[in-house]
Each structure stands twice: as structure tokens, then as C-alpha cells.
Amino acid sequence: MATIRATRPLVIGSTRTAWGDLLKRIWAARALYLLILPTFLLIFVFSYGPIFMGIYYSFCRYDGMHAFWIGLENYRRIFQDPALVQSYKNIAIILPFSLTVGTVMPLFVAYLIYRLKSPNLRYWFRVLYTIPMVVPGIVNLLIWIFMYTPSGGINTILTLLGLEKWTLTPSGPRSWLGDQKTALGAVLFVGFPWVSPMTMLIFLAGLEGISTEMVEAARVDGATGWRMFWNIELPMIFGQLRFVIVTGTIGVMQGFQSILVLTRGGPGYATMVPAMRMYDVVMPYGSSQAAPQMGFGSAIGVFIFLVIMLITILNFRVLRGSRVETEV
């Protein structure tokens with residue numbers, strides 16, 4: 001027996017009707033749209049405008065005054081410039097390390113505070129871990145610079161521990177930021193124990209937002225300790241975890257302030273990162289470079305943006321897949 005299936009008739013003017021309805025709704029609320037128009041124009045001019053200009057200048061030889069179209073020449077230099085090539089190797093070490101310790105350590109501390117039975121203890125530990133947020137970041141970096149000097153705290157501590165040979169080089173006491181062999185490791189160690197107060201508070205808020213009924217039901221089913229964390233609590237804070245990883249990736253790829261203060265990418269190119277190289281070619285003051293290379297710097301910025309977008313998409317896909325597997 002033949003089966004007859006009804007199909008939805010194709011409406012030729014459906015798209016036109018949808019656009020017409022949209023325009024009618026906009027016209028009905030035109031006063032509201034006029035109110036947000038100035039803000040939108042400011043955002044477009046001062047946010048999106050520089051983005052489009054940067055993309056255009058990335059195809060030019062631009063010194064800040066005159067722009068000459070050179071096609072893909074700047075993008076070819078991205079893979080030929082010695083400083084940039086070394087910066088790719090450095091960022092391949094810095095990014096996974098920073099994401100790992102910058103996620104695991106705050107999550108670990110947040111979980112310990114979350115597990116405290118006393119509300120008063122929870123409160124005071126939150127306060128203690130939040131206080132460092134009021135200290136300017138430059139102050140922390142200056143302290144670490146002093147710690148890494150030949151007469152600083154790192155060499156002193158190692159000497160007291162009987163590891164004096166680690167503090168010596170053929171030319172004298174070790175300057176940890178001035179030695180190509182140790183500079184990158186020293187930069188990575190800055191911020192130990194890598195517990196960001198803001199990240200810790202984000203994780204703690206997520207953990208405290210978990211339903212107590214769900215936790216109690218899991219305990220009745222026999223979930224305790226590691227099983228409770230892995231199967232119940234961690235999946236419930238996947239939103240916070242995704243946010244921390246994505247923003248952490250963007251921060252590491254775009255950030256160069258600590259490198260600028262600590263080493264300025266040196267010695268040599270031992271601690272150079274792409275964003276630092278972009279800053280160097282655009283602001284060459286104090287270097288041997290003759291003039292600002294705005295076009296080359298714009299190309300580096302566009303390249304960094306594309307890499308960040310790719311890594312962010314991969315992060316979302318991996319975390320979404322991991323969440324599905326955990327829930328199953």
C-alpha cells in the first residue's frame with residue numbers, strides 16, 4: 001500500500017515577509033533604536049574602525065605617515081623574521097603551561113575552600129586570597145626582578161638548601177633573567193603558586209552554585225571524594241572552566257606586559273613572544289630599527305587574532321565533547 005506523505009508547501013514570499021515584519025518591528029521601536037544609535041556609532045568608529053584599518057595596513061608598507069600597497073609581503077615576513085620564529089617556539093611552551101597551572105591551581109584552591117565546613121573559615125579564606133588583587137601587577141613584577149638578580153632571593157634560597165652550584169655560572173653568580181638558558185623558565189615561574197584570585201573566585205562561585213539536593217543524592221548513591229568531584233561537581237562548573245580557558249588563551253596570546261617589564265624579549269630572543277615582537281616593530285624606540293613598521297606590526301596582530309580564533313574554536317569543541325562524555 002502506498003504511503004502518502006504531506007509536505008510543507010513552499011512559500012515563495014516567506015523571506016520577503018520575514019524581512020517586512022522585521023522592518024515593521026524596527027520602525028515601531030524607532031525611538032529606542034535612535035537612543036542606542038550614538039553608542040553604536042562610537043563603538044563602530046573606535047572599536048571596529050581600527051580593526052578594519054589594521055587589516056588594510058597589514059597589506060601595506062606603513063610607517064605611520066605613508067602607506068604603500070605591498071600585498072602579502074608582510075605575511076611572508078611573519079614566517080621569516082628570526083624573532084617571530086623564536087617567539088612561536090616560546091609561546092608553544094608558555095601557552096600550555098600557563099593554561100594548565102592557571103586553571104588547575106585556582107580550581108584546587110577553590111575546591112579546598114568549598115570543602116570547608118565552617119562558613120566563617122570560607123569567608124576569611126576568600127578574603128585572604130582576594131587581598132592580593134589590590135596590589136598593582138607592576139609591583140609584583142618588580143619584586144620578581146629583584147628575586148632573580150645575582151644577589152636576590154632565589155640564589156639565597158638555593159644556597160640555603162645546599163644547591164649553590166645552581167646559582168653559579170662560569171662568569172659568577174647567576175642572573176636568572178639574564179641567562180638564555182634560564183630566562184624562559186624564570187618567566188614561567190613568575191607568579192608562583194599561580195593562584196589567580198579572580199579565577200579562584202570564579203570557580204568557587206560555580207562550586208557554591210551547585211544544588212545541594214544533587215550533591216546529597218550523589219552521596220546517597222555512594223559518590224564520595226574523587227568520584228563526587230569528577231562525575232558531579234566538575235561537570236557542573238564546565239561553564240566556568242570554559243570561560244577561564246578561553247579568556248586565559250586570549251590573555252596569554254595577547255599579553256606581553258610581564259615580558260616587557262622582565263626581559264623585553266631577551267636575552268637575545270629567549271623570551272620573545274608574538275605580541276612583544278609586534279610592540280617592538282611598531283614602537284622601535286631604543287632599538288636599532290630605523291622607523292616604525294606599522295604594516296608589519298598590523299600583519300602580526302592579524303595573525304595573532306586568527307590563531308586566537310582557531311585555538312578558541314578548538315577549545316569549545318574539545319570542552320563540549322568532554323562534557324558530553326562526562327554526562328553520558
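Applying a threshold of 8 Å to beta carbon distances and a minimum spacing of six or more residues, or different chains, the list of pairs starting in region 158-181 at a residue that is without any contact (Cβ under 8 Å) to a residue 12 or more places away in the chain and over 18 Å from Ala270 (Cα atoms) and ending at one that is assigned to a helix (DSSP H, G or I) and of a type in the set (Val, Ile, Thr) reads Leu158/Thr167; Thr159/Thr167. Checked against (1) under 13 Å from Leu107 (Cβ atoms); (2) loosely packed, with under 12 Cβ neighbours inside 10 Å; (3) not β-branched (Val, Ile, Thr), Gly222 passes all but condition (1).
In this entry, Val252 is excluded by the filter for residues that are in a helix (DSSP H, G or I), under 30 Å from Tyr114 (Cα atoms), among the aliphatic types (A, V, I, L, M) and in contact with a Phe, Trp or Tyr (Cβ under 8 Å, 6 or more places away or on another chain).
Scanning region 89-102 turns up no residue that is hydrophobic (A, V, I, L, M, F, W, C), loosely packed, with under 13 Cβ neighbours inside 10 Å, more than 23 Å from the chain's Cα centre (by Cα) and farther than 25 Å from Gly239 by Cα. One residue stands out among those in region 225-249 that are of a type in the set (A, V, I, L, M) and in a helix (DSSP H, G or I): the one that is surrounded by the most Cβ atoms within 10 Å (Cβ to Cβ), which is Val244. Residues of region 202-218 that are farther than 16 Å from Tyr123 by Cα and among the hydrophobic types (A, V, I, L, M, F, W, C): Ile210, Met214, Val215, Ala217, Ala218.
When the residues of region 181-197 are filtered to those that are in contact with a helix residue (DSSP H, G or I) (Cβ under 7 Å, 6 or more places away or on another chain) and part of a helix (DSSP H, G or I), the one that is farthest from Met105 (Cα to Cα) is Leu184. Among the numbered conditions (1) under 28 Å from Pro96 (Cβ atoms); (2) in contact with a Gly (Cβ under 7 Å, 6 or more places away or on another chain), the only one that Phe146 does not meet is (1). In region 182-200 there is at least one residue that is closer than 30 Å to Asn315 by Cβ, polar (S, T, N, Q) and either at pLDDT 90 or above or crowded, with 19+ Cβ neighbours inside 10 Å (or both).
For region 209-225, the condition holds for at least one residue, the condition being that it is among the β-branched types (Val, Ile, Thr) and in contact with a helix residue (DSSP H, G or I) (Cβ under 6 Å, 6 or more places away or on another chain).
Within region 133-151, can you find the residues that are free of Cβ contacts under 8 Å to residues at least 24 places away in the same chain and more than 29 Å from the chain's Cα centre (by Cα)? The answer is Ser151, and nothing else.
Pairs are defined by a Cβ separation below 6 Å, a sequence spacing of at least 6 or placement on different chains, a first member in region 218-246 that is over 11 Å from Leu319 (Cα atoms), and a second member that is among the charged types (D, E, K, R) and loosely packed, with under 14 Cβ neighbours inside 10 Å; no pair meets this definition.
A quick yes/no check of all residues on (1) surrounded by 14 or more Cβ atoms within 10 Å (Cβ to Cβ); (2) closer than 17 Å to Val190 by Cβ; (3) among the hydrophobic types (A, V, I, L, M, F, W, C):
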position	(1), (2), (3)
Ile202	yes, no, yes
Glu208	no, no, no
Val215	yes, no, yes
Ala218	yes, no, yes
Gln254	yes, no, no
Gln257	yes, yes, no
Gly265	yes, yes, no
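The values are calculated or read from the model by the stated rules, or taken from the named source; none is laboratory data. Here the structure is a predicted model, which is why all the values come from computation and not from measurement. Every residue, glycine among them, receives a Cβ derived from its backbone with ideal geometry; neighbour counts consider all protein chains shown.
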